[in-house]
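Engineer: A single structure is presented below for examination.
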Amino acid sequence: MQRILSTQLSAHVGETVHVAGWIHRRRLLKSVAFLILRDATGLTQVVVSEETVRAQLEALPEETTVSVVGTVTAERSAPGGVEITSPVIEALTDPAQPVPFDLYRPDLRASLPTMLDHAPVALRHPKLAAVHRIGAAAVGGFRAVLEAMSFVEIHTPKIVGAATESGANVFRLDYFGRPAYLAQSPQLYKQIMVGVFERVYEVGPVFRAEPSDTARHLASYTSLDAEMGFVEDHRDVIAACHATVAGMLAGIRAAAGPSLDLLDVTMPVLPENPVVVHFSDVLEMIGKATGEDITDEPDLAPAHERWIGGWASREHGSDFVFVEGYPTAHRAFYTHPDPARPGHSRAFDLIFRGLELVSGGQRMHRHDDYVRTLTARGESDLSAYSGYLDAMRSGMPPHGGFAFGLERFMARLLDVQNIRQVTLFPRDLHRLAP
Ligand code: AMO
């Protein structure tokens, strides 16, 4: 008999059906026992009255997978208004090993380390699973909106010959006797691919050897990258990034409604037009508001990001604010300087509820500018950049792009303290398993 899912049961009242899933909870009362069965779509109540079936159920702990054949019966108090009666139960595995938490409680009561140590089972909790359903919907929205804007999806190498972001946090590895690195970003390849498709995007893992333990850094995270050609300046890139955020939020609303309800998520406010403020103006505003002298800061500290996030919310009713014009010296080598403001660049960050979510900007596109910049930054051997520099020598249009950290996005969206709470299997200074 073909298996059906818990959400399909109500269409089969009076029929004999086959369901299967995990034992979410057993309630062994005196006269009757209940088996709450969990599948990917929800819960099914199974009523056990017969002695031998009850004895069988008593020996099957929570999380054991079982198959049940029984009759669908209307019952108003059961999940979905139906339950299964007269069941025949078959265990599909050995009885499950106990875990240090109850998955049937509305919230998983365990510390973060316990949850992460037991992630393969903890992730089955409906609220934890909902986090990753929302993440999947966000990525679906990212893909859909970029496809609609004629971006082409690419897949670039994750083992590379050059550091792209900064030499400091790169994982080195032995590549058949030669030095190589785990890709810190698809930056160089996505730029090269603008020369092929004009507009490209990528969803993939990137690697950062983050030397410190913070609540917002992972050693491996999911980067949502885009890059586009023939831009006027970084403002075109900001417009595309803004549209992408809107697409991600729309994707989540369309595909993850029940998960948003389960987690009681307050969806962020994204105004129709992006809120954009210059880096120098941010420092000036913070200086005025706090009395701090921060006019020479090369970057925004986390406290400054929180401040500007609060400002955007108060002044513009927006959960998002773009900061443009970061000092060139503090950005990656490919950053396009702002010809109108010496020392400042056409790079931007997008701050979401007070945390940096996106970096992006216009890139340089002339070969000689790259050689000069890389040399000035102390790169004596440019051979590691040879393919990239070849592209720059062969007619690259003015271009720019941006990258989101998916886990950062999820952390702010769901308002959690630690990025690990929204990461499937976090990798950090201490954690390599599970
Ligand atoms: P950047 O290094 O700023 O820029 O990274 C882009 C975004 O990725 C996220 N992020 C991280 N998330 C979790 N753990 C980390 N260790 C971590 N590091 C970064 C942040 C950040 O805003 N090539 C450029 C992007 C571009 O210009 O297109 C880049 O990688 O959300």
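Engineer: For region 55-87, enumerate the residues that are assigned to a strand (DSSP E or B) and over 37 Å from the mean Cα position of the chain (by Cα).
Structural biologist: If the condition is that a residue be assigned to a strand (DSSP E or B) and over 37 Å from the mean Cα position of the chain (by Cα), then VAL69, GLY70, THR71, VAL72, THR73, ALA74, ILE84, THR85, SER86, PRO87 are the ones that fit.
Engineer: Could you please give the count of residues in region 358-369 that are within 14 Å of GLN187 (Cα to Cα) and more than 9 Å from the ligand (Cβ to nearest atom)?
Structural biologist: 3
Engineer: Then there is this: Which of the following residues is touching a residue at least 24 places away in the same chain (Cβ under 8 Å) and not aliphatic (A, V, I, L, M): ARG372, ARG366?
Structural biologist: ARG366
Engineer: So, one more: Go through region 150-162 and give me each residue that's away from the ligand (no atom under 14 Å from the Cβ) and open to solvent by less than 70 Å² (accessible area, probe 1.4 Å).
Structural biologist: VAL152, GLU153, PRO157, GLY161 - these are the residues of region 150-162 that are away from the ligand (no atom under 14 Å from the Cβ) and open to solvent by less than 70 Å² (accessible area, probe 1.4 Å).
Engineer: Based on what the data block shows, is THR41 surrounded by fewer than 19 Cβ atoms within 10 Å (Cβ to Cβ), farther than 20 Å from ARG76 by Cα and of a type in the set (Ser, Thr, Tyr)?
Structural biologist: So THR41 does not fit the description; no.
Engineer: Pick from GLY247, GLY229, GLY251: which is touching a His at 6+ places or on another chain (Cβ under 7 Å) and more than 10 Å from the ligand (Cβ to nearest atom)?
Structural biologist: The unique qualifying residue is GLY229.
Engineer: Output yes when any residue across region 125-144 is away from the ligand (no atom under 16 Å from the Cβ), free of Cβ contacts under 8 Å to residues at least 60 places away in the same chain and more than 18 Å from the chain's Cα centre (by Cα), and no when none is.
Structural biologist: Yes, because at least one residue in region 125-144 is away from the ligand (no atom under 16 Å from the Cβ), free of Cβ contacts under 8 Å to residues at least 60 places away in the same chain and more than 18 Å from the chain's Cα centre (by Cα).
Engineer: Sticking with this one: Just give me the residues in region 358-371 being among the charged types (D, E, K, R) and either outside the structural domain of CYS241 (by TED's automatic domain parsing) or crowded, with 17+ Cβ neighbours inside 10 Å (or both), in sequence order.
Structural biologist: ARG363
Engineer: So in region 174-214, with the set limited to residues that are part of a loop (DSSP other than H, G, I, E, B) and away from the ligand (no atom under 13 Å from the Cβ), which one is most open to solvent (accessible area, probe 1.4 Å)?
Structural biologist: PHE176
Engineer: On the basis of being more than 16 Å from the ligand (Cβ to nearest atom), at pLDDT below 95 and outside any helix (DSSP H, G or I), does PRO106 make the cut?
Structural biologist: So PRO106 does not fit the description; no.
Engineer: Working only within region 25-54, note down all residues that are part of a strand (DSSP E or B) and among the acidic types (Asp, Glu).
Structural biologist: Scanning region 25-54 gives a single hit, ASP39.
Engineer: For region 330-357, which residues satisfy the criterion of being more than 9 Å from the ligand (Cβ to nearest atom), under 22 Å from the mean Cα position of the chain (by Cα) and open to solvent by 30 Å² or more (accessible area, probe 1.4 Å)?
Structural biologist: ARG353
Engineer: Could I ask something else about it? Is it fair to say PHE425 is open to solvent by 40 Å² or more (accessible area, probe 1.4 Å) and among the aromatic types (Phe, Trp, Tyr)?
Structural biologist: Taking the combined requirement at face value, the residue satisfies it.
Here's the yes/no breakdown for (1) buried (at least 21 other Cβ atoms within 10 Å of the Cβ); (2) closer than 17 Å to PHE352 by Cα:
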site: PRO268; (1), (2): no, yes
site: PRO271; (1), (2): no, yes
site: VAL277; (1), (2): no, yes
site: VAL282; (1), (2): yes, yes
site: LYS288; (1), (2): no, no
site: GLU292; (1), (2): no, no
site: THR295; (1), (2): no, no
site: GLY317; (1), (2): no, yes
site: GLY325; (1), (2): yes, no
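Engineer: Count, please, the residues in region 297-306 that happen to be open to solvent by 40 Å² or more (accessible area, probe 1.4 Å) and free of Cβ contacts under 8 Å to residues at least 24 places away in the same chain.
Structural biologist: 2
Engineer: Within region 135-166, can you find the residues that are at pLDDT 95 or above and among the hydroxyl-bearing types (Ser, Thr, Tyr)?
Structural biologist: Passing the criteria: SER150, THR156.
Engineer: Might you check whether a residue that is assigned to a helix (DSSP H, G or I) and more than 13 Å from the ligand (Cβ to nearest atom) occurs anywhere in region 393-410?
Structural biologist: Yes, the conditions are met somewhere in region 393-410.
Engineer: Here is a further query. Quick one: which of GLU147, GLU165 is open to solvent by 50 Å² or more (accessible area, probe 1.4 Å) and not in a loop (DSSP other than H, G, I, E, B)?
Structural biologist: Result of the check over GLU147, GLU165: GLU147.
Engineer: Looking only at residues in region 48-64 that are surrounded by 17 or more Cβ atoms within 10 Å (Cβ to Cβ) and among the acidic types (Asp, Glu), which one is farthest from TRP22 (Cα to Cα)?
Structural biologist: Here the answer is GLU62.
Engineer: Right, here's the next one. May I ask you to list the residues in region 251-266 that are in a helix (DSSP H, G or I) and surrounded by fewer than 16 Cβ atoms within 10 Å (Cβ to Cβ)?
Structural biologist: Residues satisfying the conditions are ARG253, ALA254, GLY257, PRO258, ASP261.
Engineer: Follow-up. For the subset of region 412-421 comprising residues that are in contact (Cβ under 8 Å) with a residue 24 or more places away in the chain, at negative phi and more than 9 Å from the ligand (Cβ to nearest atom), which member is surrounded by the fewest Cβ atoms within 10 Å (Cβ to Cβ)?
Structural biologist: Ranking the candidates gives GLN417 first.
The values are calculated or read from the model by the stated rules, or taken from the named source; none is laboratory data. The structure presented is a predicted model; accordingly, all values stated were derived computationally and were not measured. Note that we place each Cβ from the backbone using ideal geometry, even for glycine, and neighbour counts take in every protein chain shown. Each accessible area value is taken on the protein alone, full model and side chains, heavy atoms only, with ligands, DNA and RNA left out. Shrake-Rupley method; radii C 1.70, N 1.55, O 1.52, S 1.80 Å.
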